[in-house]
Amino acid sequence: MINQNFISQCKIIFGHENVLTDKAELLTYSYDATAGIPREIPSLVVFPQNTKQIQELIFLARQTKTPIYPRGAGTCLSGGPVPLSKGVVVSFQKMNKIVEIDADNLTATVQPGVIIADLNTAVAKYGLIYPPDPGSMATATIGGSVAENSGGLRGLKYGVTKHYIMGMEVVMPTGEIFRFGGKTVKNVTAYDFTHLFVGSEGTLGIITEIICKLIPSPKYHRVLIAFFDKLENAGKTVTDIIRNHVIPATLEIMDKVTIQTVENYAKIGLPTDVEALLLIEVDGMGKDSVEWEAKTCLKIIQQNNGKPKIAETDAEKDSLWTARRAALPALAQVKPATILEDATVPRTFLVDMLIAIQNIAKKYNLMIGTFGHAGDGNLHPTILVDPTDKDEMDRLHKAVDEIFEKALSLGGTLSGEHGIGVAKLKYLRSEIGRSGIDTIRRIKQALDPDNILNPGKLVPMED
Ligand SMILES: Cc1cc2nc3c(=O)[nH]c(=O)nc-3n(C[C@H](O)[C@H](O)[C@H](O)COP(=O)(O)OP(=O)(O)OC[C@H]3O[C@@H](n4cnc5c(N)ncnc54)[C@H](O)[C@@H]3O)c2cc1C
């Protein structure tokens with residue numbers, strides 16, 4: 001419980017200027033980017049600048065059984081950083097140093113509050129990139145994206161966050177400081193702690209330092225866009241490209257509702273009578289191989305009756321990307337709330353999932369625009385609603401239930417990249433079963449016996 005003594009102790013640990021107690025300011029920290037979830041205004045927010053301060057906070061929280069809610073930039077789409085009871089939000093805004101860039105070992109060591117785009121700007125000087133690139137990378141932090149195991153637009157070729165984390169420092173819920181992994185390419189010592197903490201959604205420990213893997217930046221890029229009159233042809237293009245051994249860095253899809261909404265919003269000259277659009281970027285170190293990949297994609301698009309356009313200049317490349325970048329902002333301005341899901345299916349069932357979403361939209365009379373990472377089978381059905389319309393909200397909940405049911409029936413998953421948080425907790429058992437839930441609970445109980453770290457997220461407390 002938080003009382004005046006707790007607040008005074010926090011001021012001693014963090015300094016007065018790094019403790020927020022003003023109600024109006026605290027309100028901001030009761031939100032992330034997820035609509036329609038429960039939330040509570042925290043009792044205070046602290047801004048640590050080093051690991052020791054976090055350790056002291058944990059000792060204090062354990063004594064008083066106070067919940068701690070770690071927070072990066074608050075861009076989460078499953079309610080991860082949102083407090084569910086009066087507790088302390090730990091914001092990593094001020095713990096944002098790039099500790100080291102080791103270009104010889106291809107690693108960067110960073111504090112959790114580093115913004116993903118800032119890391120990429122810093123490593124660009126060495127001709128390197130940190131590939132995981134969620135659409136929110138201009139604001140999202142490395143700590144938040146490690147805790148969510150975020151994906152992004154380059155997932156198909158380059159993988160997701162878990163493929164780029166080599167080690168960490170974590171303050172455990174008992175207060176111990178635990179370092180594991182490191183700069184070695186190989187490390188099979190003991191359990192794979194790195195992969196346990198990546199995607200742990202702030203429930204198992206507070207991440208205070210991260211060793212990231214970097215790769216050489218690809219030198220050549222080609223960008224194509226293609227329009228299709230039939231969804232099936234767009235889906236077949238996706239599988240044909242991969243069957244022909246081209247792995248694009250980006251292979252994105254937008255459905256008709258999204259295309260029409262983007263065109264209405266951004267007026268960029270998209271055809272509004274087509275059923276789907278694919279945006280493809282191929283990249284690599286060799287000019288000839290990148291050209292071959294672009295030409296192979298072009299041929300496959302034409303064979304599937306798509307209408308392709310290839311960017312010849314950087315300005316054209318940028319303009320083709322505008323459509324995809326505008327998808328979420330365009331959809332978000334149609335109605336007061338945007339529910340963005342991330343049901344994911346094996347790539348070969350992409351079209352089945354898209355058609356199912358369209359049928360669910362009709363059945364429940366809802367506006368759903370779908371876009372997403374087609375190459376990963378990771379779709380973002382985006383449902384546009386007015387939270388004050390009770391009838392529409394009831395239909396929304398039924399539609400979301402059916403979207404997840406369908407994704408699981410196709411061998412898919414509840415979340416390709418946004419995590420479980422609080423938003424998808426009720427569906428968890430349908431994917432991982434009773435034994436999965438019991439295993440999660442046992443891990444949580446072993447590492448956080450007082451249940452003080454991000455309680456109510458990821459770990460179902462009730463059956
Ligand atoms: C416009 C938009 C586009 C997006 N695009 C993508 C996308 O393409 N791909 C994708 O995967 N996601 C995407 N997201 C979701 C979101 O941006 C990612 O999950 C992101 O990585 C979260 O980072 P954050 O810093 O905002 O973390 P937050 O939202 O603040 O927190 C996320 C989780 O991490 C925990 N956490 C934060 N810091 C720590 C720490 N140091 N130690 C332990 N736990 C911690 C929090 O408790 C919470 O559970 C998008 C979101 C928006 C709004």
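The values are calculated or read from the model by the stated rules, or taken from the named source; none is laboratory data. Because the structure is a prediction, the values reported are computed rather than measured. Methodologically, a virtual Cβ is constructed for each residue, glycine included, from the backbone with ideal geometry; neighbour enumeration extends over all protein chains shown.
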Residue match in segment 157-178 (condition: under 19 Å from Thr75 (Cβ atoms), surrounded by fewer than 19 Cβ atoms within 10 Å (Cβ to Cβ) and not assigned by TED's automatic domain parsing to the domain that holds Ile310): yes
Test set (1) of a type in the set (D, E, K, R); (2) over 21 Å from Asp352 (Cβ atoms); (3) out of contact with any Lys or Arg (no Cβ under 6 Å at 6 or more places or on another chain) - Lys236 fails condition number: (2)
Pair list, Cβ under 9 Å, 6 or more apart: segment 198-213 residue on the phi < 0 side of the Ramachandran plot, other residue part of a strand (DSSP E or B) and within 7 Å of the ligand (Cβ to nearest atom): Ser200/Ile207; Ile206/Pro70; Ile207/Pro70
In segment 153-180, the residues that are near the ligand (Cβ under 8 Å from one of its atoms) and within 15 Å of Arg71 (Cα to Cα): Val170
Within segment 119-152, considering residues that are near the ligand (Cβ under 6 Å from one of its atoms) and touching a Ser or Thr at 6+ places or on another chain (Cβ under 6 Å), the one nearest to Pro216 (Cα to Cα): Pro134
Flag if Asn305 is touching a Phe, Trp or Tyr at 6+ places or on another chain (Cβ under 8 Å) and either farther than 27 Å from Gly411 by Cβ or more than 16 Å from the ligand (Cβ to nearest atom) (or both): yes
Sole exception among (1) in contact with a helix residue (DSSP H, G or I) (Cβ under 9 Å, 6 or more places away or on another chain); (2) closer than 25 Å to Ile420 by Cα; (3) away from the ligand (no atom under 16 Å from the Cβ) for His245, by number: (2)
Subset of segment 104-118 [more than 10 Å from the ligand (Cβ to nearest atom), out of contact with any Leu (no Cβ under 7 Å at 6 or more places or on another chain) and part of a strand (DSSP E or B)]: Thr109
Residue satisfying condition, being assigned by TED's automatic domain parsing to the domain that holds Leu414 and either in contact with a His (Cβ under 8 Å, 6 or more places away or on another chain) or within 16 Å of the ligand (Cβ to nearest atom) (or both), within set Thr382, Thr388, Thr322, Thr348: Thr382
Checking Val82 against (1) more than 17 Å from Val46 (Cα to Cα); (2) more than 8 Å from the ligand (Cβ to nearest atom); (3) not assigned by TED's automatic domain parsing to the domain that holds Thr203, the condition it does not meet: (1)
In segment 182-201, residue surrounded by the fewest Cβ atoms within 10 Å (Cβ to Cβ) [restricted to those that are within 13 Å of the ligand (Cβ to nearest atom) and aliphatic (A, V, I, L, M)]: Leu196
Count of segment 117-146 residues which are out of contact with any strand residue (DSSP E or B) (no Cβ under 8 Å at 6 or more places or on another chain) and closer than 26 Å to Ala327 by Cα: 8
Test for Leu77: is it within 10 Å of the ligand (Cβ to nearest atom), modelled with pLDDT of 95 or more and either hydrophobic (A, V, I, L, M, F, W, C) or more than 18 Å from the chain's Cα centre (by Cα) (or both): yes
Matching option when the condition is surrounded by 20 or more Cβ atoms within 10 Å (Cβ to Cβ), modelled with pLDDT under 95 and of a type outside the set (Val, Ile, Thr), among Leu214, Leu204, Leu153: Leu153
Where a residue in segment 275-286 is assigned by TED's automatic domain parsing to the domain that holds Leu379 and under 18 Å from Thr313 (Cα atoms) and its partner, wherever it lies, is at pLDDT below 95 and assigned to a loop (DSSP other than H, G, I, E, B), with Cβ under 9 Å and at least six apart: none
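Here is a yes/no grid of residues against (1) within 30 Å of Ile241 (Cα to Cα); (2) assigned to a helix (DSSP H, G or I):
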| site | (1), (2) |
| --- | --- |
| Glu312 | yes, no |
| Ala315 | yes, yes |
| Met353 | yes, yes |
| Ala361 | yes, yes |
| Asn365 | no, no |
| Ile383 | yes, no |
| His397 | no, yes |
